[in-house]
Structures are given as C-alpha cells and as structure tokens.
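These notes concern the structure reproduced below.
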Amino acid sequence: MLISARHYTFSQLTEAYNRTRVDYLVPMPMNEPRLREYTQVNDVDLDYSYVSVSDNTLCGLGMLGVRKGRSWLTRLGVIPNGRRRGTGSAITEALLEASQLIGVQDVWLEVIKGNIPAQKLFCKYAFEEVRELVIARRPPTPDSILLNNKIQHVTYMEHNDAIYLLSQRKQRPNWLNETESMQNVRALPVLASMGENSVRQTSRNLSAIMVELADGGQGWVSYQATFLQLTRIVVGVLAGDPTEVTAAVLQTLHQHHRRQDAIVENLPDDEQWLGFQQAGYFETFRRIEMKRSL
C-alpha cells in the first residue's frame, strides 16, 4: 500500500530512508534535520511523495521534486527484505502518475553508476541516460601555499551576486545545482557534520569569487562555507580555456578557505572536471542522470 509522505513525520521518513540504504552501493546515512533541509532546498513535494507500507511497516520510499515544467524522482529505495516484490515499480509508477497529474513535461532522476537493478528499473519506465555526473572531494590543505602568478584580479561577492551568476549559466545544471536550489539555501540553517552530531552554523548565504587572469581568462565560483566544509560549489567560465580558468578559480577559493574540506556534487565529466582535478579534487563516485518525457 502506498501512502502520501505528508502523513509521516520527518523522523519516520528519515528512519524509512536509512533502512532502505543499509546495504547501498554508496552509504548515504541521513538524519532528520538533513532530510528536512534536503526536501526544502530541492522543492520536494511531500503530497506527491510516497511511502510503501506492508503490515504496518514502512518498507519503501520515493520522493518527488516539482518545478516549472519538470519533476525529479529522488530518494527512491526499498528495504532489503522487501525487494523483488514490485515495491520499487509501484513507487516509480506512483511518482510518474503524480508527475502527469501535475502536468510537467519532463521527469528527471539520477542513479548511482553501477547500481544495475535501479538502472534496469528506470529503463523499464522509458527513462534514458543523459550524462554521467561526478561527485568529488578535496581535502583541506592548511599548510600549503597556493600561488598562481596568472591571476590578475580577484573580487569577493555576496549571496545575491552568486545567485545572479548562477542564473546566467549557459550549460544546463543538474537539479541539485539549479538556481532554484541555490535560492532556497538562504532560508535554511547550515548544518556541518561532526561525527554523529550536527552543529548549527550561523551563515545561510552563498558566497562567490570572480577571478580575472592576465591572459584574459575570466571565471567565478559560487559556494556555501561552514566552519568545516565548502559545499554547493559551482564554477562558471566566462572567457578562456575551461580547464585552466576552472583550476585558477578553485585555487583562489582554496587560498581563501584553506582549512575546509570541499565537496562538489553532480559535476559533468567535461573540461571543467579536468580543472577540478588540477585543483586537487578526486572522484568518489558517479551518478547517471536520466530523463523521461511525458
């Protein structure tokens, strides 16, 4: 039986989500504040998200993000002993039916590369692969001195400037990095992980850095900074070689934030990814972005 997620508390939804991920290909434990933030930032509509219930036990979960003209299937999972019983298919069908009811044109999702059962499920419902996306990290380097003689001028910018830059991107961003997601960040408290606990930070804003190179290259990076971590990192190249400018922009970012770990999500595998690698980022895993038109 499928029940709207609106009828459950975030505590119950978090428990259900974690139970579906106990043997997941890439561990992604969730706590209640993070799930609440995730739904708000990514415009998840709990009325059109569903929980699968069997014998009064929550055995599956699927959420639906909704934006103008498009929806996004996310957090879909089934507890291990409930798989191969049609639960994943039932949730997927319900989310697609909700998308049709809302009247969107396109439905998007991501699946971890290597999760063959999930890929087969989504292909069964006519989703097609669009591109591979990289999830990467960069450890802090507090003792290193990062210098780049090619950098001519650096401008530090605030939240509204960051949103403007994000809105001017020519390349289509993934759902997590869309301007709508970044706009939603400001209304939320920032959480930084410290072991099993979470510490609430005061900053709710994005920041941005514009970098001009001596050879005419120009680019920017927007990001969110907490005491421990840099997240929501997006780089834009306005002029010059994409790899070189990306590396220079990120080098400038990490000169300014030497002690924070950095995470970038859903980065296209392109020339900019090469720039991230030059700046010290390493791949942790990949997602496959998929799309279906209604």
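The values are calculated or read from the model by the stated rules, or taken from the named source; none is laboratory data. These numbers come from a predicted model, not from an experiment. In this analysis, Cβ positions are derived from the backbone assuming ideal geometry, glycine residues included, and neighbour counts consider all displayed protein chains.
Listed here are the residues, each with its yes/no results for (1) farther than 30 Å from residue 100 by Cβ; (2) surrounded by fewer than 18 Cβ atoms within 10 Å (Cβ to Cβ).
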{"residue": "253", "(1), (2)": "yes, no"}
{"residue": "258", "(1), (2)": "yes, yes"}
{"residue": "267", "(1), (2)": "yes, no"}
{"residue": "274", "(1), (2)": "yes, yes"}
{"residue": "280", "(1), (2)": "yes, no"}
{"residue": "283", "(1), (2)": "yes, yes"}
{"residue": "288", "(1), (2)": "no, no"}
{"residue": "291", "(1), (2)": "no, yes"}
{"residue": "294", "(1), (2)": "no, yes"}
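Quick one: how many residues across the stretch 57-95 are of a type in the set (Gly, Ala, Ser), touching a residue at least 12 places away in the same chain (Cβ under 8 Å) and more than 13 Å from residue 13 (Cβ to Cβ)? Spell out the reasoning first.
Quick first cut of the stretch 57-95, residues of a type in the set (Gly, Ala, Ser) only: 60, 62, 65, 69, 71, 77, 82, 86, 88-90, 94.
Subset that is touching a residue at least 12 places away in the same chain (Cβ under 8 Å): 60, 62, 65, 69, 71, 77, 82, 88-90, 94.
Subsequent filtering for residues that are more than 13 Å from residue 13 (Cβ to Cβ) retains 65, 69, 71, 82, 88-90, 94.
Final tally of qualifying residues: 8.
For residue 71, the stated conditions do not hold, so it cannot be described as assigned to a helix (DSSP H, G or I) and within 27 Å of residue 172 (Cβ to Cβ).
When the stretch 205-219 is filtered for residues that are of a type in the set (S, T, N, Q) and assigned to a loop (DSSP other than H, G, I, E, B), only 205 remains.
Among the residues of the stretch 1-46, none is identified as under 15 Å from residue 59 (Cβ atoms), of a type in the set (Gly, Ala, Ser) and not in a helix (DSSP H, G or I). For residue 235, the conditions (1) over 21 Å from the mean Cα position of the chain (by Cα); (2) modelled with pLDDT of 95 or more all hold with the exception of (1). Just one of the listed residues (54, 11) is surrounded by fewer than 20 Cβ atoms within 10 Å (Cβ to Cβ), of a type in the set (Gly, Ala, Ser) and touching a residue at least 24 places away in the same chain (Cβ under 8 Å), and it is 54. Would you call residue 71 among the polar types (S, T, N, Q) and surrounded by 21 or more Cβ atoms within 10 Å (Cβ to Cβ)? Criteria met by residue 71.
Can you tell me how many residues within the stretch 233-247 are touching a residue at least 24 places away in the same chain (Cβ under 8 Å) and either outside any helix (DSSP H, G or I) or in contact with a Lys or Arg (Cβ under 6 Å, 6 or more places away or on another chain) (or both)?
We begin by selecting, within the stretch 233-247, every residue touching a residue at least 24 places away in the same chain (Cβ under 8 Å); these are 233-237, 240-247.
Still in the list and also either outside any helix (DSSP H, G or I) or in contact with a Lys or Arg (Cβ under 6 Å, 6 or more places away or on another chain) (or both): 233-237, 240-241.
Total meeting the criteria: 7.
What do you reckon, is residue 103 over 30 Å from residue 24 (Cα atoms) and not assigned by TED's automatic domain parsing to the domain that holds residue 265? Yes: the conditions hold for residue 103. Beta carbons closer than 6 Å, at least 6 apart along the sequence or on distinct chains, pair a first residue in the stretch 273-294 that is farther than 18 Å from residue 121 by Cβ with a second that is in a loop (DSSP other than H, G, I, E, B) and at pLDDT below 95 for 285/26. The condition of being modelled with pLDDT of 95 or more and surrounded by 15 or more Cβ atoms within 10 Å (Cβ to Cβ) holds for only one of 146, 95, 101, that being 95.
Residue 222 fulfils the conditions (1) modelled with pLDDT of 95 or more; (2) in a helix (DSSP H, G or I); (3) of a type in the set (Gly, Ala, Ser) except for a single criterion, (2). Within the bounds of the stretch 188-204, is there any residue that is surrounded by fewer than 20 Cβ atoms within 10 Å (Cβ to Cβ) and modelled with pLDDT of 90 or more? Looking for residues that are surrounded by fewer than 20 Cβ atoms within 10 Å (Cβ to Cβ) and modelled with pLDDT of 90 or more, one finds none in the stretch 188-204, hence no. Comparison of 77, 114 shows that the only residue that is surrounded by 21 or more Cβ atoms within 10 Å (Cβ to Cβ) and either at pLDDT below 95 or assigned to a loop (DSSP other than H, G, I, E, B) (or both) is 77.
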